[in-house]
Amino acid sequence: NNFNAENYITRAEMAKVIGILTGMDEDQALANKAYASKFSDVPAGEWYTGWVNLASGRGIINGFPDGTFRPNDALTMNQVLTLCVNALGRGEHVSQMGTWPANYIAEASKLGLYDGVESSEANRGNVAIIVWNTLEAPYVWDVAQTEYEGTINLGDSERSLLSIYFRDYVYGQDSN
């Protein structure tokens, strides 16, 4: 019953956070839990396997060149910011602009993802702030349809993950 804001967040935990942040749900994760991952250290059946499979399948989260995911490793701040920029649909564009992590840090700064974070530690408290900022940041749509809205224009700055995936929270239960 304690958030443990000073504790680090693991790559497995962040896979779930990113999954929920981008509208994935527990049923999707459970359905993908039974399948072996493309990562040698993410076996089928672990609590995080479905989340890793979903997030990596959407290109939001990656592993390492040796084919591992390292689910129990702590994330760095650079990795957290990269995942959040990727969750906003900006990763493909940002990856072509400079060298990692400077390109992702610059984009995260431009989007205000780091606002309110008082240290460079990727602890759970700071990650919660960055995730909240990510929910409110402009989302780049590279798909033409959504479940709720129909056609969306690429780069529509009026859309955020909060307004898309948590529509009832933003607009109320009776929204269409």
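The values are calculated or read from the model by the stated rules, or taken from the named source; none is laboratory data. All figures in this text were calculated on a predicted structure; none of them were measured in a lab. Backbone-built Cβ (ideal geometry, glycine too); neighbour counts: all protein chains shown. In case anyone asks, the SASA skips ligands and DNA or RNA and just uses the protein heavy atoms, side chains included. Shrake-Rupley method; radii C 1.70, N 1.55, O 1.52, S 1.80 Å.
Considering every alpha-carbon pair of the range 40-85, the percent of pairs per 10 Å bin, from zero through the bin containing the longest distance, is 24, 61, 15. For the range 82-125, the equivalent ellipsoid built from the Cα gyration tensor has semi-axes of 19, 11, 9 Å, listed from largest to smallest.
Extension gain for residue 92 to residue 58 (0.36 nm times residue separation, less C-alpha to C-alpha distance): 11.1 nm.
Applying Stokes-Einstein at 4 °C and 1.567 mPa s to the Kirkwood radius of the range 1-102, computed over alpha-carbon pairs, gives a translational diffusion coefficient of 92 µm² s⁻¹. For the pair residue 120 and residue 100, label points projected 7 Å from Cα toward Cβ lie 1.9 nm apart.
For residue 46 and residue 110, the FRET efficiency from 1/(1 + (r/R0)^6), where r spans their Cβ atoms and R0 equals 41 Å, is about 0.70.
If packing is taken as the mean number of other Cβ atoms within 10 Å per residue, what is the order of 131-139, 71-79, highest first?
Working: 131-139: 20.2, 71-79: 17.1.
Averaged packing, sorted descending, gives the order 131-139, 71-79.
When the solvent-accessible area of the range 9-145 is split by element, carbon and sulfur atoms take up 52 percent of it, the probe being 1.4 Å. Go through 64, 45, 34 and say which Cα lies farthest out towards the positive end of the charge dipole of the range 25-84; charges sit on Cβ, +1 for Lys and Arg, -1 for Asp and Glu. Going by the charge dipole, the pick is 64.
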